[in-house]
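Nothing in this text is a laboratory measurement; each read-out follows from the coordinates by a stated rule. Predicted model, so just to flag it, every value in this text is computed and none were measured. Backbone-built Cβ (ideal geometry, glycine too); neighbour counts: all protein chains shown.
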Amino acid sequence: MTSIINFFKKFKNGLKTVAFAALVFLAVYAILYYSTSWNTQPVFEKASTGGSSFAGSINSDDQSLAAANGIVLADYNIWASQNGLKGANAKLNADPDGDGLPNYLEYLHGTDPNKADTDGDGYTDKQEITNGYDPAAPGDARPAVELTIAKINVTAPMVWSKSENENDQLIDLAIGVAHFPQTASPGQNGNMIISGHSSNYIWAKGSYNYIFKNLNNLIPGDIVDVKTVQQNGKIITFHYKISEKFTTVPNDARIFEDSGSPVLTLSTCWPLGTNLRRLIVKGDLVQ
Ligand SMILES: [Ca+2]
Ligand SMILES: [Ca+2]
């Protein structure tokens, strides 16, 4: 009988111990739950509406890449999911089709992240973008480009000049500012040279005869925007921050200098009303 009573006493004490241990566990868990960030989801996952496998591959590098390029991760996530990208292949800087163009640029350009040559014209997406062609339109289609310099009230279409011949250039300058052939494309590595009129004969045709007349008002730090519009409607705007300004002779090697980094060179005739010299304004690509 005594042993039965002892058994129940021990059993009762055992229950007390288990109950106590459970209380301690719950208390510790509650403290940790509310005192750590375990209960908070990464910002991306809160915004995510896409596949769950993708969310796990996003890290802080992806988040900063997205922020630097104006990408809303929730939208990117939907796009990645629609294109069947999972795990490591869904990361912003992954390149599942091996065309050299990371996913976030495929997203911005509206190209196929699983197809190196989206428009099937024999050139990879990266080749086309690097050389200023529309990666989502076959053949030699160029994106439409608009140059905007808010400070001096300039907005003009950029003409992709095909010839270095001066007379051909004048035809292009009548309808906008002119991209000098074989120089870098918007946002790409190299020196992109764009020229515009600062003055012209009063009888000259065209709406852009004085487009760069106030170029001399720019100073280092001012911003020039170069907007590209593809046929699929994708718009990407590149920003260049003015770094230097000088006047020189028309064939000065400094105008054409190419260090490989993305630089914009704006050129116009100087002094106003003459063709003697060039006013040169240079800028570096910024985010
Ligand atoms: Ca790619
Ligand atoms: Ca292509």
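Taking the beta-carbon count within 10 Å as an exposure proxy, list E244, E128 from fewest neighbours to most.
Fewest-to-most ranking of E244, E128: E244, E128.
Which net charge results when you count Lys and Arg as +1 and Asp and Glu as -1 among the other residues whose beta-carbon is under 11 Å from that of D97?
Details: positive: K115, K126; negative: D95, D99, E106, D112, D117, D125.
Once all neighbours under 11 Å are counted, the net charge is -4.
Peptides 262-269, 119-126, 248-255, 133-140: what's the order by average Cβ count within 10 Å, highest mean first?
Those peptides, ordered most packed to least, come out 262-269, 133-140, 119-126, 248-255.
If each residue's Cβ is checked for other Cβ atoms within 10 Å, how do I211, I71, I152 rank with the fewest at the top? Intermediate values should be presented prior to the final figure.
Details: I211 25, I71 18, I152 15.
Ranking I211, I71, I152 by Cβ neighbours within 10 Å, fewest first, gives I152, I71, I211.
First check a/c for region 149-273, with a ≥ b ≥ c the square roots of the eigenvalues of its C-alpha gyration tensor; if it is under 1.5, answer rounded, and if not, answer prolate when a/b is larger than b/c or oblate otherwise. Don't skip to the answer; put the middle values down first.
Working: a/c = 1.30, a/b = 1.15, b/c = 1.13.
Rounded is the answer for region 149-273, as its axis ratio a/c remains below 1.5.
Mind sorting W270, W160, W203 by how few other Cβ atoms lie within 10 Å of their own Cβ, fewest first? Spell out each step's value before the answer.
On the way: W270 21, W160 18, W203 5.
Result, fewest neighbours first: W203, W160, W270.
With Cβ to Cβ distances under 9 Å as the rule, what net charge do the other residues near P250 carry (K, R +1; D, E -1)?
Residues close to P250 contribute a combined charge of +1.
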